[in-house]
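Asker: Sending over a structure as structure tokens; questions will come in a sec.
The values are calculated or read from the model by the stated rules, or taken from the named source; none is laboratory data. Computed from a predicted structure; not experimentally measured. Here Cβ is always computed from backbone atoms with ideal geometry, including for glycine, and neighbour counts include all displayed protein chains. In case anyone asks, the SASA skips ligands and DNA or RNA and just uses the protein heavy atoms, side chains included. Shrake-Rupley method; radii C 1.70, N 1.55, O 1.52, S 1.80 Å.
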Amino acid sequence: MSKVKIRDSVRRIEDLRFLTGTGNYIDDVVIGGEVVGVVVRSPYAHAKINGFDATDAEALDGVLAVITGAEWAAQNFGPIPTNSAVKENRDGTPISVPDRPCLASERVRYVGEAVAFVVAETLAIARQAVELVDVDYDPLPAVTHPVKALEPGAPQLHDAIEGNLCVDWELGDKDGTEKAFAAADRIITLELHNNRVTGAPIEPRGAVAYYDDASGTYTIYQSSQNIHANRNQMATILGIDKDNIHHVAPDVGGGFGAKNSVYPEPVITLYATKKVGRPVKWVNDRAESFLSDTHGRSQYSTVEMAVMNDGTFKGLRTTTIGEMGAYCGTVGAFTPTGGSARTQGGPYAFEAMYYSAKAGFTNTAPLDPYRGAGRPEGSFQIERIVELAARELDMDPVELRRKNLIPKDALPLVTSMGLDVDCGDFPTVFEKTLAMTDRAGYEARAAASQAQGKCRGFAIAPYLECTGGMPKEHAVISFDDDGSVSLAIGSHSTGMGHETSLPQILAAQLGIDIERIKFTQADTDATPLGGGHGGSRGMEMGGNAVLQTAGEVIEKGKAIAAHHFECSVDDVEFDDGAYIQPGSNNTMTMDNAINAAQDHSTLPDDLAPGCLDTGSTFERGIISIPNGCHAAEAEVDPETGAVQITGFWVVDDFGTIVNPMLADGQVMGGIGQGLGQALLEQAIYDEESGQLVTGSLIDYALPRAEDMPPMRLDYYEDSPTKKTPLGAKGAGEAGCCGAPPAIVNAVLDALKGHGVTHIEMPLTPEMVWQAVRDA
């Protein structure tokens, strides 16, 4: 048994079952008697549906049901809800949100859209039946490029939405920005593309559902990262009370935002289980996931920076065209608007900033949050324009950044984007990162590269981001007769280690052994509410909920200690796992208080056994501001375009670090995804047919171990946020913010001798080789 403290690198408790093959993922869930569901998906990017014929499929032995879009429409179920923080255009009119059915009945708008659902005794039978479902399509013209979708004459996806425009939006100080531009010596302009990517979690999406006819309730297990919100929205679609759905996530093999949304398939699974009277299991295969999972990024931006000849930044203006896909996702138009706007400018001082965006509908899979959801886009925009400014001003990129970082004594401040930056020390974090990179040895490394016919480059990229997600979180602590302590939480880990870090907070606060704690997450019966996983909210919300609830347990325990000390509750204090009465020898460990709380004979008359059991809701006021700095060194072969990242250094300011080992894992994972976007990944649709070209792991290149650079990580913990009691600022998405600009700028620094100033992500060997030849 072991005592732990906050900031200890406690090994992940959950890894034992993961590494020994005893994890319980969605395909491991067995109810008994379940049948299999498979989706019939549209082969067309845009087509009218004239009708369905499921006769041959239904006649196949072993098929229990074929649910078509026509049947679904006849049930009058609701559309998939959208809940966007951005609800209005710049002129005050509402944004355009088209209805999205779970099964299309009249028209399909992207390849992979669900049109029918087959339920059969086995997966083989279900897949055979899918091929027998006849859908009469009348193909229509399609548009897959977000810029072209907004051009006059583009194919229209939704008859009631003119010009495919979902949102036209702005934020910031437009007049102040124009004045800053008018007063500047130079205007630096760059057009860039944030490439479209997808989460590709190692475990595909899936669900297992069953209906209890006696109680009229459903139970659904789902590989999801947002159990409570998705339960509520599924109930809304089906027109039933949310309390009639028990929603549980077993172990989840990655999410990255792609499992945050409400999707059609789990809702259909709920309908199907009631229809056939058997539990129904549906699990995507990898090809289906590429077609039907939400994608992320996909922004085309023009970034303009007003700057003086001495390098002083004046103003920043960004104009973006984003992409919605065929429908609005769960968060609607937020990512290309508010999600990307709020961290504009990063940690740099500007007199004024202005951001404007449009986003339209395309014949592609819907877009929704992907790790960072706008903040990586904003970081990439500012760091690329700063690097270009250094090139055009003939200044050292390091010195230009150093000159313009917001000083510590300027905080707190509210930016032109309305972001409340309460604390931090951006210059110290910058210098600490730079000191890790061995600048003294760089020239020798560059010479060694040159001797091999290669080029070496370096870049440093400070970033500033913010947290998000649901602003409330609930924790429940209960004490069992066998001496164990149960912790239930509404936040959710999909691989981040919450099964370790949240019990670590509880054990540290109560002074009990961490091994005694039984952990439950992602279960709508375990907590009345929960914000799941998203917006780097795990420690900011889940951690603070545990901290607050533990504090309430400690306060309750003072009455038990006072009863045993025969003193007033006001005379009892709690310190390092024990109750004490200052000025006396009276002491009671928390373990003893827990045992006493289970025995009526040892309690005061006004308390009953179980009196320490506590549930509490923590509510965040203002989001916190994680920040940090990344640096990268790259070696490039100009003859082949091959890129190798030879070193990577990071200093992050996450406030209080609960578990440094887990924080390291979050940073490394984020860097891996950032590297993937920078060098390898891109979801591509054929512009003529609307087919997804990168629909498998043969075509969509994920980073492998050999692609990852050696990394050195460190933290700056001298500025914990006071916005929450724990002081944690969030860590999950930071790696995606700093890695792409650091990597891209390092490659461009390596190629500056070849005259290359810009390459669009991903910087594949072909793209790099072509840029060298073009220059």
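Asker: Which whole-number value in Å² is the accessible area per residue of the range 285-336, probe 1.4 Å?
Answerer: I get 21 Å² per residue for this part.
Asker: Under 5 Å between amide H atoms, partner at least 5 residues away or on a different chain: which partners does Tyr579 have, H built in plane at 1.01 Å?
Answerer: Hits under the 5 Å cutoff: Met588, Thr589, Met590.
Asker: Arrange the residues Thr319, Thr656 by how much accessible surface each exposes, largest first, with a 1.4 angstrom probe.
Answerer: Thr319, Thr656
Asker: Can you find, among Ala448, Ser493, Gly732, the residue farthest towards the positive end of the dipole of the chain? Put +1 on the C-beta of Lys and Arg, -1 on that of Asp and Glu.
Answerer: It is Ala448, whose Cα lies furthest towards the positive end.
Asker: Can you give the FRET efficiency for Val414 and Asp53, using 1/(1 + (r/R0)^6), R0 = 56 Å, r = Cβ-Cβ distance, to the nearest 0.05? Provide the component values of the computation, followed by the final result.
Answerer: Numbers: r = 60 Å, r/R0 = 1.08.
Rounded to the nearest 0.05, the efficiency is 0.40.
Asker: Now for a separate question. Points 7 angstrom from Cα along the Cβ direction at Lys556 and Ala214: gap in nanometres?
Answerer: 3.2 nm
Asker: Pull up the DSSP beta bridges for the range 134-293 and report the antiparallel fraction as a percent, rounded to 5. Write out the running numbers ahead of the final one.
Answerer: Working: 10 of 14 bridges.
About 70 percent, rounded to the nearest 5.
Asker: Further question: Identify which of the listed values of P(r) over Cα pairs in 20 Å bins from 0, in percent was calculated from the structure shown: (i) 13, 40, 37, 11, 0; (ii) 16, 46, 31, 7, 0; (iii) 12, 28, 28, 19, 10, 3, 0.
Answerer: (ii)
Asker: Relative to the Cα centre, what is the charge dipole magnitude of the range 157-215, using +1 at the beta carbon of each Lys and Arg, -1 at the beta carbon of each Asp and Glu, and rounding to the nearest 20 debye? All intermediate terms of the calculation are to be shown ahead of the outcome.
Answerer: On the way: 5 positive and 12 negative charges, 73 e Å.
About 340 debye.
Asker: For the range 478-620, what is the convex hull volume of the alpha-carbon atoms per residue, in Å³? List each step's numbers first, then the result.
Answerer: Details: hull volume 16.6 nm³, N = 143.
Looking at the range 478-620, the number lands at 116 Å³ per residue.
Asker: While we're looking at this one, here's another question. Residue by residue through the range 329-341, which ³J(HN,Hα) values in whole Hz follow from phi under the Karplus form 6.51 cos²θ - 1.76 cosθ + 1.60 (θ = phi - 60°), with glycine and proline marked x?
Answerer: x, 4, 9, x, 8, 5, 4, x, 10, x, x, 8, 7
Asker: Could you give the size of the charge dipole of the range 168-302 about its Cα centre, using +1 on the Cβ of each K and R and -1 on the Cβ of each D and E, expressed in debye and rounded to the nearest 20?
Answerer: Magnitude of the dipole: close to 420 debye.
Asker: Expressed in nm to one decimal, what extension gain is obtained for the pair Arg90 and Val147 from 0.36 nm per residue of sequence separation less their Cα-Cα distance?
Answerer: Separation in residues times 0.36 nm, less the Cα-Cα distance, equals 18.6 nm.
Asker: Could I ask something else about it? Give me the net charge for the shell around Pro582: Cβ to Cβ below 12 angstrom, other residues only, Lys and Arg +1, Asp and Glu -1.
Answerer: Combined, the nearby Lys, Arg, Asp and Glu give -4.
Asker: Measuring from label point to label point, each 7 Å out along Cα→Cβ, what is the Ser484 to Lys242 span in nm?
Answerer: Those two pseudo-labels are separated by 2.9 nm.
Asker: Distance check, please: which entries in Lys87/Lys281; Lys87/Lys274; Lys87/Lys472; Lys408/Lys729; Lys558/Lys723; Lys242/Lys274 exceed 25 angstrom between their Cα atoms?
Answerer: Lys87/Lys281; Lys87/Lys274; Lys558/Lys723
Asker: Tabulate in residue order the Karplus-calculated ³J(HN,Hα) for the range 395-408, using 6.51 cos²θ - 1.76 cosθ + 1.60 with θ = phi - 60°, rounded to whole Hz; enter x for Gly and Pro.
Answerer: These are the phi-based 3J(HN,Hα) values: 10, 5, x, 5, 5, 4, 5, 4, 5, 10, 5, 5, x, 4 Hz.
Asker: If the chain between Leu697 and Leu529 were fully stretched, how many nm would it gain, using 0.36 nm times the residue separation less the Cα-Cα distance?
Answerer: Additional length available on full extension: 56.8 nm.
Asker: Taking the range 85-115, which GluC sites (Glu not before Pro) meet the DSSP loop condition and have no more than 15 other C-beta atoms within 10 Å?
Answerer: Listed in order of number, the matching sites are Glu106.
Asker: Accessible area per residue, 1.4 Å probe, Å², for the range 533-669: what's the number?
Answerer: Ligands and nucleic acids excluded, the figure is 37 Å² per residue.
Asker: Further question: For the range 390-506, what is the accessible area per residue in Å² when the probe is 1.4 Å?
Answerer: Accessible surface, normalised per residue, equals 37 Å².
Asker: What residue among Met711, Ala545, Val276 has its Cα farthest toward the positive end of the dipole of the chain, where the charges are +1 on Lys, Arg and -1 on Asp, Glu, each on the Cβ?
Answerer: Checking the options against the dipole of the chain, the answer is Met711.
Asker: Enter the accessible area of Cys423 (Å², nearest 10), with the probe set to 1.4 Å and all protein chains included.
Answerer: Accessible area, nearest 10 Å²: 20 Å².
Asker: Can you give the helix-only mean residue ellipticity at 222 nm for the chain, where every DSSP H stretch with n ≥ 4 adds -39500 (n - 2.57) and the sum goes over all residues, rounded to the nearest 500 deg cm²/dmol?
Answerer: On the way: 19 runs with 206 residues, N = 775.
Calculated from helices alone, the mean residue ellipticity at 222 nm is -8000 deg cm²/dmol.
Asker: For the range 421-434, what does the Karplus curve 6.51 cos²θ - 1.76 cosθ + 1.60, with θ = phi - 60°, yield as ³J(HN,Hα) per residue in whole Hz, taken in order and with x for Gly and Pro?
Answerer: Residue by residue, the range 421-434 yields 9, 8, 7, x, 9, 4, x, 5, 4, 4, 5, 5, 5, 4 Hz.
Asker: Further question on the same structure: Measure off, as a whole percent, the carbon and sulfur share of the 1.4 Å-probe accessible area of the chain, all protein chains present.
Answerer: The nonpolar share, carbon plus sulfur, comes to 49 percent.
Asker: Once both labels are modelled 7 Å past Cα along the beta-carbon direction, what's the Lys518-Asn76 spacing in nm?
Answerer: 4.5 nm
Asker: Then there is this: What residue among Ile512, Gly534, Ala352 has its Cα farthest toward the positive end of the dipole of the chain, where the charges are +1 on Lys, Arg and -1 on Asp, Glu, each on the Cβ?
Answerer: Ala352
Asker: What is the magnitude of the charge dipole of the chain about its Cα centre, with +1 placed on the Cβ of each Lys and Arg, -1 on the Cβ of each Asp and Glu, and no other charges, expressed in debye to the nearest 20?
Answerer: 1160 debye
Asker: Exceeding 18 Å between C-alpha atoms, which entries from my cross-link table qualify? They are Lys3/Lys518; Lys48/Lys259; Lys179/Lys403; Lys148/Lys259; Lys314/Lys752; Lys314/Lys403.
Answerer: Lys48/Lys259; Lys179/Lys403; Lys148/Lys259; Lys314/Lys752
Asker: Please give the length that would be gained between Asn83 and His193 if that part of the chain were fully extended, namely 0.36 nm times their separation in residues minus their C-alpha to C-alpha distance (nm, one decimal).
Answerer: Roughly 37.0 nm would be gained on extension.
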